[in-house]
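A.B. asks: What follows is a single structure, and I will ask about it in a moment.
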Amino acid sequence: MSTNIFVLGLTDIQRKELETVRGADQLSFHGLLDYETLVEPDEYVFDDLLDACRRELDDFPGSVDGIIAHWDFPTSVLAPILAAERNIPSPSLRSIVATEHKYWSRLAQKESVPECVPQFNSFDPFDDNALDSIDLEFPFWVKPVKSHSSQLGFEIRNEQEFADALVEIREKIGLVGNAFDEVLRRVDLPDEIGRSSGTTCLAEQVVSGIQAAPEGTMFQGQFNVHGVFDMRKDAAGHSFERLDYPASTVPEEVQARMIDITERYLRHVGFDNGCFNSEFMWDEENDKLWLIEINTRISQSHSELFAKVDGSSNHEVAIDIALGREPRMPHRQGESAVAAKCIIPRYEDGIVTSVPSEADIARLRERIPGALVCIDVAPGDRLADLPNQDAYRYELGTMYIGADSVEQLGQRYREGLEALPFTFDPAPENR
């Protein structure tokens with residue numbers, strides 16, 4: 001009798017990654033709702049999604065043994081609610097929301113790990129005098145307390161840029177913020193957060209440094225980290241171009257401090273029986289660590305990299321925890337010494353007229369064995385209309401590559417960009 005694992009928004013790539021885990025032949029993987037429903041929409045009604053998930057699970061003829069999510073909101077919040085209803089191991093909803101609500105999380109960080117928290121203020125983007133409530137000097141970042149993939153995040157250098165950002169924030173913040181409010185009503189909120197809705201914003205001090213990300217688990221009170229990643233930014237410094245595993249840009253002693261800070265924070269908010277990844281910046285000159293954020297799930301961006309280097313995707317530990325087992329990850333049993341997720345970027349709007357063919361991708365795989373290429377655009381797409389893009393560039397797709405060294409990773413990334421041809425027409429307003 002197989003064990004049934006449900007994965008919210010399961011994709012074909014994730015199903016392939018799931019097949020790398022030990023004992024996969026004894027497991028049956030099922031999608032719970034689909035990617036188009038959970039990840040692609042600009043706007044959600046959370047309670048409708050929750051009811052749809054419940055119907056799918058209730059109609060399933062077998063046992064529901066585990067529920068996993070590794071996409072951002074709303075999947076990250078659906079999973080603990082559904083798991084709790086079926087007595088399946090999962091973090092508490094409150095610990096998830098306390099971490100996902102950017103303002104609440106900063107307050108909790110200030111209580112538990114104050115040495116690494118940037119200065120911050122909350123503000124109401126619909127207040128015409130919102131700038132008066134921000135006690136930060138320019139430049140600073142603004143972002144909603146909940147959004148997707150750095151959407152509606154802006155670096156603000158003057159009053160006019162703040163005013164311009166508010167126009168866009170006011171137009172779009174409710175798309176995710178209103179659904180997040182549905183979740184906030186399910187949680188016992190601190191007084192200060194009770195006054196901060198899902199359409200509130202955060203202003204934060206701009207920090208800089210080398211960026212790295214530990215990933216790990218908390219299971220029955222036992223904390224463990226199974227990998228640390230380099231998060232390499234592009235030349236402009238606003239967007240990521242590569243995730244490298246294992247990390248090599250930050251000394252092990254600094255990685256250990258990142259890990260300690262993460263554990264202190266997670267214990268403070270009561271997080272248990274779940275996976276996490278945290279993001280830090282290290283100011284090398286001043287030996288100063290800054291905590292950027294903590295995510296309460298495995299990172300799907302890391303899955304293929306773990307498989308290439310360690311021999312199994314990080315689904316391994318997510319499945320273990322969902323089934324109430326002590327999480328285990330193999331170590332350095334993969335085919336590559338290092339691996340990277342590489343973004344295929346474009347920095348201006350346009351209409352896609354052609355994308356790399358299967359033959360183009362096959363030729364790249366001949367040059368870079370084991371390369372995986374995911375194209376996220378199609379002819380006719382306008383880049384400005386793509387979902388879940390940050391404010392500074394568009395993602396045309398992703399390459400996952402392995403190598404024998406970090407230097408070879410960089411070389412293969414450059415080769416991959418040159419080997420994957422895209423063409424564009426100007427966007428309408430630019431013609």
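The values are calculated or read from the model by the stated rules, or taken from the named source; none is laboratory data. This one's a predicted model, so the numbers in the text were calculated from it and none came from an experiment. Counting neighbours? That spans all protein chains shown, and the Cβs are built from the backbone with ideal geometry, glycine included. The accessibility values were calculated without ligands, DNA or RNA, using every heavy atom of the protein model including side chains. Shrake-Rupley method; radii C 1.70, N 1.55, O 1.52, S 1.80 Å.
A.B. asks: When the accessible area of the chain is computed with all protein chains present and a 1.4 Å probe, what percentage of it is carbon and sulfur? Working shown, then result.
C.D. replies: On the way: 8100 of 18680 Å².
Result for the chain: 43 percent of the exposed heavy-atom area is carbon or sulfur.
A.B. asks: Now a separate question. Distance cut-off 26 Å, Cα to Cα: go down the list LYS16/LYS233; LYS233/LYS308; LYS110/LYS341; LYS143/LYS308 and report the pairs above it.
C.D. replies: Going by Cα-Cα distance, LYS16/LYS233; LYS110/LYS341; LYS143/LYS308 fall outside the 26 Å limit.
A.B. asks: In debye, nearest 20: dipole of segment 118-170 around its Cα centre with unit charges on the Cβ of K, R (+) and D, E (-)?
C.D. replies: Rounded to the nearest 20 debye, it is 340 debye.
A.B. asks: From the phi angles alone, apply the Karplus equation (6.51, -1.76, 1.60; θ = phi - 60°) to segment 396-402 and give each ³J(HN,Hα) in whole Hz, x where the residue is Gly or Pro.
C.D. replies: Couplings: 7, x, 9, 10, 10, 9, x Hz.
A.B. asks: Can you give the charge dipole size of segment 1-152 about its Cα centre, rounded to the nearest 20 debye, using +1 on the beta carbon of Lys and Arg and -1 on the beta carbon of Asp and Glu?
C.D. replies: 660
A.B. asks: About its Cα centre, how strong a charge dipole does the chain have in debye, to the nearest 20, once Lys and Arg get +1 and Asp and Glu get -1 at the Cβ?
C.D. replies: Rounded to the nearest 20 debye, it is 1020 debye.
A.B. asks: Please list, in order along segment 254-270, the HN-Hα scalar couplings obtained from phi with the Karplus expression 6.51 cos²θ - 1.76 cosθ + 1.60 (θ = phi - 60°), rounded to whole Hz, x for Gly and Pro.
C.D. replies: 6, 4, 4, 5, 4, 5, 4, 4, 4, 4, 4, 5, 4, 5, 4, 8, x
A.B. asks: Then there's this: Name the residue farthest towards the positive end of the dipole of the chain from the options THR398, GLY324, ALA130, assuming +1 on Cβ of Lys and Arg, -1 on Cβ of Asp and Glu, about the Cα centre.
C.D. replies: In the chain, that residue is GLY324.
A.B. asks: Determine ³J(HN,Hα), in whole Hz, for all residues of segment 244-251 in sequence, where each value follows from phi through the Karplus function 6.51 cos²θ - 1.76 cosθ + 1.60 and θ = phi - 60°; x replaces Gly and Pro.
C.D. replies: Once rounded to whole Hz, the list reads 10, 9, x, 5, 9, 8, 10, x.
A.B. asks: Solvent-accessible area per residue for segment 49-191 at a 1.4 Å probe radius, Å²? Intermediate results must be reported in sequence, preceding the final value.
C.D. replies: Values: 6310 Å² over 143 residues.
Normalised by residue count, the accessible surface of segment 49-191 is 44 Å².
A.B. asks: Rounded to whole Å, give me the distance from the Cα center of segment 294-323 to that of segment 92-126.
C.D. replies: Here the two parts' Cα centres lie 25 Å apart.
A.B. asks: Considering just Cα atoms, how many Å³ per residue does the convex hull of segment 188-267 enclose?
C.D. replies: Details: hull volume 12.5 nm³, N = 80.
Taking only Cα atoms, segment 188-267 has a hull volume of 156 Å³ per residue.
A.B. asks: Compare THR99, THR11, THR75 in a GNM of the chain, Cα atoms joined below 10 Å, and give the one with the largest fluctuation.
C.D. replies: THR11
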